[in-house]
Amino acid sequence: MNARGLREPRRKLHVKTYGCQMNVYDSERMTALLAPLGYAPTADLDDADMVLLNTCHIREKAAEKVYSELGRIRLVKEARRAKGRDTILAVAGCVAQAEGEEVLRRAPFVDMVFGPQTYHRLPEMVARLHRRSGAVLDTAFPEESKFDHMPRSSPVDGPTAFLTIQEGCDKFCTFCVVPYTRGAEFSRPVAQVAAEARALAQQGAREVILLGQNVNAYHGVDDETGQEVGLGELIRRLAGTDGLDRLRYTTSYPAEVDDALIAAHAEIPALMPFLHLPVQSGSDRVLSAMNRRHDRVFYLDLVERLRRARPDLGLSSDFIVGFPGESDKDFQETLDLVRRVEFIQAYSFKYSPRPGTPAAAMDLQVPEDEKDARLTELQDLLNVQQTAFNAACIGRRLPVLLERPGRHPGQLVGRSPYMQAVHVDASEDKLGQIIDLEITRAGANSLGARPLVPARPPAVTEVAARHAPEASL
Ligand code: 5AD
Ligand code: SF4
C-alpha cells in the first residue's frame, strides 16, 4: 500500500524487445496479458519479478545477443535470490521458437521458453510456474489463433500505433528463418482488424502501421460476404476510420504487390507516400538462388508502376550482401539497381547463415572480409541517396505528425510522410497533431523545421526598457 492507501501493483515486469516491429507489437500485447496477474512494467531490471526477452532469430548476431543478455540477467537473478526475491526469466519470440530446448540447455536458469504463436497461453504458463512445476517450454503451433485470445488493443503510447494484420510466411526465401519461427501465413479477419483500428483511434492514435511478415499477402475473411479481402481493399476500408489520418503497412513482398494495392496508393490520401519494399539483391542469379520469385526487371517495373500511381512515393528496401555464390558482378548489379531506383532509406545486412535454412548448406559461401567490403560500398551509396533526399526537403512544407518530446526542452519530434524524424521547437500541447512545417535543416538521419512558437507579447521589462527615457549624455 502506498501513502494514499492505493494498492501497489504486486509484481514488476521488465520487457526487452529485439528485432522487428512485429515483436514490438507482441511485447505490448504480452504486457497487457500479464497486467491482470498483477505485473506492472518497469524499466529497472534489478527491480523486476519477471524478465521477458522477446527475441529475434533473423541473423546470427541478433540471436547471440540474447545469450549474452541472459548471462547478465543470470547475475541479477542470483543477486535478487540472495535477498530472498525470485525472478521469473522468460524467453519468447523467434529464438525461443527456433531453438526451444537448446535455450534451456545453454541457459538452464531460464524458467520459460515459448514461441510467437503461444503468447496467449502466457498467463497459464506463469500460473504453472508459480505452482513450481519446473521450466516451461511451449513452442507449439496451436490450432487456435493467438489473436482470438490476446487483448485486442493496448493503450496507445503516442499517436502512432502498430496493428498486426497478418503473420507468418510461406515464401521460404532460402536465407530466411521466418517460415520456421513464425509458421504458415495467417491473416486476421477484416472485422477484427477494423475493430482494433477503431479502438486504437479512440485511444488517440492518428496513424496506424499495419504489420505482417509478408503484409501484402493479406487475405482476411470478410464475415459479411464470406469473401477474402486483399490489402488494397483493407486499406480502403480502414481509411474511413474516424480519427485515423495516416495509414502505412510493412513489410511487403514485391512479387505479391497487386493492382488493387497500387490503386490504393493512387486513390487513398491517408496512405502515406512511403513504402518499404525489400529487394534483397539486384542480380537475377542471386534472386533466383534466394527463391525470391521475381527478377530485377519485375522489381524495376513495379517501382515504375507504383510511382505512376503516386509520383511522390519514397522507397525503402532491405539488402543482403554476400549471399552464397554472389560474385562481384552480381554485387555490381545490386549497386546498379540502387542507382536506378534511388532509395530514400534502406537497411542492408551481411548474409548470415541460419541453421536449417537451405542457403546455409549452399556451396560458395562468401568470405567475411568480402562481405564487409561489399556492405561498406553499398551502405556508402545508400547513405548518399538518403542524405540527398533529406537535403532536397529543405524549403518544402511537409505535414508532420508530432509524436514525442525531443531531447532538448521545448522541442518536439514528429514524423514526415516519408518516415523522417523532424525536430521542431513547439509546445507540448501540439503533441498528437499533424502540422504543416517548413523544413529548414537536414542531416543524414533527421530534419529540422522552422520553430512553431506563438508570437508572444514582449515581456514587461522589455517594454519598460523601450519606453525608458534615453540616458542623457
Ligand atoms: N542474413 C542476412 N540478412 C537476413 N535477412 C533475413 N534473413 C537474413 C539472413 N539470413 C534480412 C532481409 C530481410 C530483413 C528483415 O532481414 O534483408 O528483409
Ligand atoms: Fe522471410 Fe520475407 Fe522471404 Fe517470408 S518473404 S521467407 S519473411 S524474407
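The values are calculated or read from the model by the stated rules, or taken from the named source; none is laboratory data. None of these values were measured; they are calculated from a predicted model. When we count neighbours, we look across all protein chains shown, and the Cβ atoms used for this are built from the backbone with ideal geometry, even at glycine. These accessible areas exclude ligands, DNA and RNA; they are computed on the full protein's heavy atoms, side chains included. Shrake-Rupley method; radii C 1.70, N 1.55, O 1.52, S 1.80 Å.
Listed values, structure above:
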| quantity | calculated |
| --- | --- |
| Among (1) surrounded by fewer than 17 Cβ atoms within 10 Å (Cβ to Cβ); (2) touching a residue at least 60 places away in the same chain (Cβ under 8 Å) - the single one Ile434 does not satisfy | (1) |
| Residue within region 50-57 that is in a loop (DSSP other than H, G, I, E, B), touching a Cys at 6+ places or on another chain (Cβ under 7 Å) and either farther than 27 Å from Tyr180 by Cβ or modelled with pLDDT of 90 or more (or both) present | yes |
| Lone unmet requirement of (1) part of a loop (DSSP other than H, G, I, E, B); (2) within 24 Å of Ala360 (Cβ to Cβ); (3) more than 16 Å from ligand 2 (Cβ to nearest atom) for Gly240 | (2) |
| Pair list, Cβ < 9 Å and 6+ apart or interchain, from region 383-401 residues that are in the same structural domain as Val341 (by TED's automatic domain parsing) and closer than 18 Å to Phe319 by Cβ to residues that are part of a helix (DSSP H, G or I) and open to solvent by less than 30 Å² (accessible area, probe 1.4 Å) | Gln385/Val338; Gln385/Val341 |
| Among (1) open to solvent by 40 Å² or more (accessible area, probe 1.4 Å); (2) modelled with pLDDT under 95, the one test that Ala40 misses | (1) |
| Close pairs (8 angstrom Cβ cut-off, 6 or more residues apart or separate chains): of a type in the set (Ser, Thr, Tyr) in region 28-46, in a loop (DSSP other than H, G, I, E, B) anywhere | Thr31/Ser154; Tyr39/Pro9; Tyr39/Asp49; Thr42/Ala48 |
| Criterion violated by Ala391 - all others in (1) in contact with a Phe, Trp or Tyr (Cβ under 6 Å, 6 or more places away or on another chain); (2) of a type in the set (Gly, Ala, Ser); (3) surrounded by fewer than 16 Cβ atoms within 10 Å (Cβ to Cβ) satisfied | (1) |
| Which numbered condition Thr55 fails, given (1) under 30 Å from Ile320 (Cα atoms); (2) open to solvent by 20 Å² or more (accessible area, probe 1.4 Å) | (2) |
| Segments classed as helices (runs of 4 or more DSSP H), wholly inside region 58-175, with at least 1 members that are within 16 Å of ligand 2 (Cβ to nearest atom) and either open to solvent by less than 80 Å² (accessible area, probe 1.4 Å) or at pLDDT 95 or above (or both) | 60-82, 94-99 |
| Residue among Gly220, Gly243, Gly183, Gly230 that alone is in contact with a Pro (Cβ under 7 Å, 6 or more places away or on another chain) and either away from ligand 1 (no atom under 15 Å from the Cβ) or among the aliphatic types (A, V, I, L, M) (or both) | Gly220 |
| Residues (assigned to a helix (DSSP H, G or I), open to solvent by less than 40 Å² (accessible area, probe 1.4 Å) and within 18 Å of Met112 (Cβ to Cβ)) located in region 6-36 | Asn23, Asp26, Ser27, Arg29, Met30, Thr31, Ala32, Leu33, Leu34 |
| Any hit, region 429-436, residues being aliphatic (A, V, I, L, M) and out of contact with any strand residue (DSSP E or B) (no Cβ under 8 Å at 6 or more places or on another chain) | no |
| Selection status of Ser281, farther than 16 Å from Val215 by Cβ, at pLDDT 95 or above and within 16 Å of ligand 2 (Cβ to nearest atom) | yes |
| Some residue of region 214-233 being in the same structural domain as Leu302 (by TED's automatic domain parsing), under 22 Å from Pro417 (Cα atoms) and open to solvent by 30 Å² or more (accessible area, probe 1.4 Å) | yes |
| Hits in region 230-242 (condition: modelled with pLDDT of 95 or more and small (Gly, Ala, Ser)) | Gly230, Gly232, Ala239 |
| Set Pro367, Pro355: member being more than 22 Å from Gly414 (Cβ to Cβ) and either aromatic (Phe, Trp, Tyr) or at pLDDT below 95 (or both) | Pro355 |
| Members of region 176-201 found to be away from ligand 2 (no atom under 16 Å from the Cβ) and open to solvent by less than 30 Å² (accessible area, probe 1.4 Å), listed by number | Arg188, Val190, Gln192, Val193, Ala194, Glu196, Ala197, Ala199, Leu200, Ala201 |
| Residues that are within 15 Å of ligand 1 (Cβ to nearest atom) and under 21 Å from Ser446 (Cα atoms), drawn from region 303-337 | Leu315, Ser316, Ser317, Asp318 |
